[in-house]
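The values are calculated or read from the model by the stated rules, or taken from the named source; none is laboratory data. Given the structure is predicted, the values throughout are model-derived calculations rather than measurements. All Cβ positions, even for glycine, are placed from backbone atoms using ideal geometry, and neighbour counts span all protein chains on display. Heavy atoms of the whole protein, side chains included, go into the accessibility calculation; ligands, DNA and RNA do not. Shrake-Rupley method; radii C 1.70, N 1.55, O 1.52, S 1.80 Å.
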Amino acid sequence: MTLHKILAVLGVLSCWSPCMAADTSQAAERAAREMRYIASQFPGRLAGAEREFAAAEYLHIQLSSMGYQTQTQAFDTEYSYVFANNVRQRRLLQSRNVVATKPGVSGKVIVIGAHFDTATTLHEVHEGVFGGEQLQGLDDNASGVGVMLALARELADAPVQHTLKFVAFGAKELGLKGSQAYLEQLSATERSQIMLMVNLDSLLTGDVLYFNAGKRTLAANPAAGAARDRALALAAALGIDARSNPGLHPDYPAGTGCCSDQESFDKAGIPVLAVEATNWSLGKGDGYTQTALPDIPGGSSWHRPDIDNLQRLPQLLPGRLEQRASDSLRILLPLLLETSGARPAP
């Protein structure tokens with residue numbers, strides 16, 4: 001039984017804080033299970049590679065089985081590979097997005113996205129060290145995809161007012177190619193119907209769970225930070241340590257995020273909610289230093305096959321998968337139920 005059905009049966013649709021703590025346990029278990037499965041069964045999900053295609057097929061099957069109208073969007077893209085002698089080679093490829101739709105009645109749309117590709121090695125001297133076929137990408141980004149699938153399962157039967165679109169993006173690691181391709185395939189009218197984009201990326205390694213708005217949309221209209229502020233309020237009421245970027249770096253204003261697929265939507269003038277785990281108070285204050293944990297040299301597991309895997313990360317961060325899955329869902333489920341019009345805010 002999904003969360004909405006449970007709440008409807010119990011007659012507690014207006015009760016979110018104690019109810020969410022109890023009702024998300026199975027969803028959190030599902031999210032953690034999906035994280036492990038995607039990382040273990042589809043390592044090396046490089047854009048255009050066979051395992052990226054296989055992962056896309058798996059996501060298509062999963063989302064279709066939940067009752068969503070699901071399609072695969074193929075798109076062509078490219079990247080530049082640098083050999084050790086600095087000779088560059090242009091490499092062409094085809095990647096894909098997986099899009100699952102639950103129609104609403106209002107004409108408005110909420111996009112919930114997570115990229116499923118892992119990093120491609122872009123320089124010969126980095127072979128075996130950054131990116132590549134051995135990279136499981138548990139944190140980046142099986143974690144975001146696992147939470148997205150759990151959200152999709154819980155919201156599948158909710159009577160939403162606004163259309164929900166769950167999008168698994170390909171080729172993010174080549175420069176947000178999947179989210180750019182997704183937006184390019186929409187008409188101007190369709191883009192204008194998107195009221196919010198929620199992006200889930202790298203939820204495990206970072207010391208703190210962050211909720212941020214978009215740099216451009218927030219500067220244009222403070223109301224674009226409403227989803228961020230609501231997420232932080234929900235977290236506070238639930239006793240979950242969640243924060244937003246404190247603005248220690250001049251290029252990244254307080255309360256805004258960067259460097260993942262939400263940026264494509266932010267540039268298109270669409271309000272966003274970026275959900276990630278990192279530590280914006282470390283390093284250069286740019287969000288690229290995820291943790292102060294001394295066992296992770298440089299403070300980051302991104303793109304590192306020796307750390308971002310099922311053997312190393314759970315050893316370094318015991319219980320982190322289950323905890324972050326639970327924390328993310330306890331915040332995001334009530335937020336999306338409210339935002340989609342499935343139930344009123346308390």
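Look at region 63-75: where a residue is of a type in the set (A, V, I, L, M, F, W, C) and a partner is open to solvent by less than 60 Å² (accessible area, probe 1.4 Å) and outside any strand (DSSP E or B), sitting 6+ places away or on another chain with Cβ atoms under 7 Å, you get Leu63/Ala152; Met66/Ala152; Met66/Ala156; Phe75/Ala181.
Residues of region 254-273 that are open to solvent by 40 Å² or more (accessible area, probe 1.4 Å) and under 18 Å from Gln290 (Cα atoms): Ala254, Cys259.
From the list Leu196, Leu183, pick out the single residue that is assigned to a strand (DSSP E or B), of a type outside the set (Phe, Trp, Tyr) and closer than 22 Å to Gln73 by Cβ.
Leu196
Residues of region 291-305 that are more than 18 Å from Val208 (Cβ to Cβ), in contact (Cβ under 8 Å) with a residue 40 or more places away in the chain and open to solvent by 30 Å² or more (accessible area, probe 1.4 Å): His303, Arg304. Scanning region 307-325 for residues that are open to solvent by 30 Å² or more (accessible area, probe 1.4 Å) and either in a helix (DSSP H, G or I) or touching a Gly at 6+ places or on another chain (Cβ under 9 Å) (or both) yields a count of 5. From the residues in region 155-180 that are assigned to a helix (DSSP H, G or I) and open to solvent by 10 Å² or more (accessible area, probe 1.4 Å), which one is farthest from Ser340 (Cα to Cα)? Per the stated criteria, the residue is Leu174.
If the requirement is being more than 28 Å from Gly131 (Cβ to Cβ), among the charged types (D, E, K, R) and part of a helix (DSSP H, G or I), which of these qualifies: Asp266, Asp229?
Selected residue: Asp229, the only one of Asp266, Asp229 that is more than 28 Å from Gly131 (Cβ to Cβ), among the charged types (D, E, K, R) and part of a helix (DSSP H, G or I).
Sort out which residues of region 123-158 are free of Cβ contacts under 8 Å to residues at least 60 places away in the same chain and within 19 Å of Glu50 (Cβ to Cβ), and write them in order of number. Of everything in region 123-158, just one residue is free of Cβ contacts under 8 Å to residues at least 60 places away in the same chain and within 19 Å of Glu50 (Cβ to Cβ), namely Glu127.
When Ala277, Ala236 are screened for being open to solvent by 50 Å² or more (accessible area, probe 1.4 Å) and among the hydrophobic types (A, V, I, L, M, F, W, C), only Ala236 passes.
Residue by residue, here is whether (1) in contact with a Leu (Cβ under 7 Å, 6 or more places away or on another chain); (2) open to solvent by 10 Å² or more (accessible area, probe 1.4 Å); (3) among the basic types (Lys, Arg) holds:
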position: Glu50; (1), (2), (3): no, yes, no
position: Phe53; (1), (2), (3): no, yes, no
position: Gln62; (1), (2), (3): yes, yes, no
position: Ser65; (1), (2), (3): no, yes, no
position: Glu78; (1), (2), (3): yes, yes, no
position: Leu93; (1), (2), (3): no, yes, no
position: Ala100; (1), (2), (3): yes, no, no
position: Val109; (1), (2), (3): no, yes, no
position: Gly128; (1), (2), (3): no, yes, no
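Number of residues in region 326-346 that are on the phi > 0 side of the Ramachandran plot and open to solvent by less than 10 Å² (accessible area, probe 1.4 Å) equals 0. Can you spot a residue in region 241-251 that is assigned to a helix (DSSP H, G or I), open to solvent by 50 Å² or more (accessible area, probe 1.4 Å) and free of Cβ contacts under 8 Å to residues at least 60 places away in the same chain? Taking every residue of region 241-251 in turn, none turns out to be assigned to a helix (DSSP H, G or I), open to solvent by 50 Å² or more (accessible area, probe 1.4 Å) and free of Cβ contacts under 8 Å to residues at least 60 places away in the same chain.
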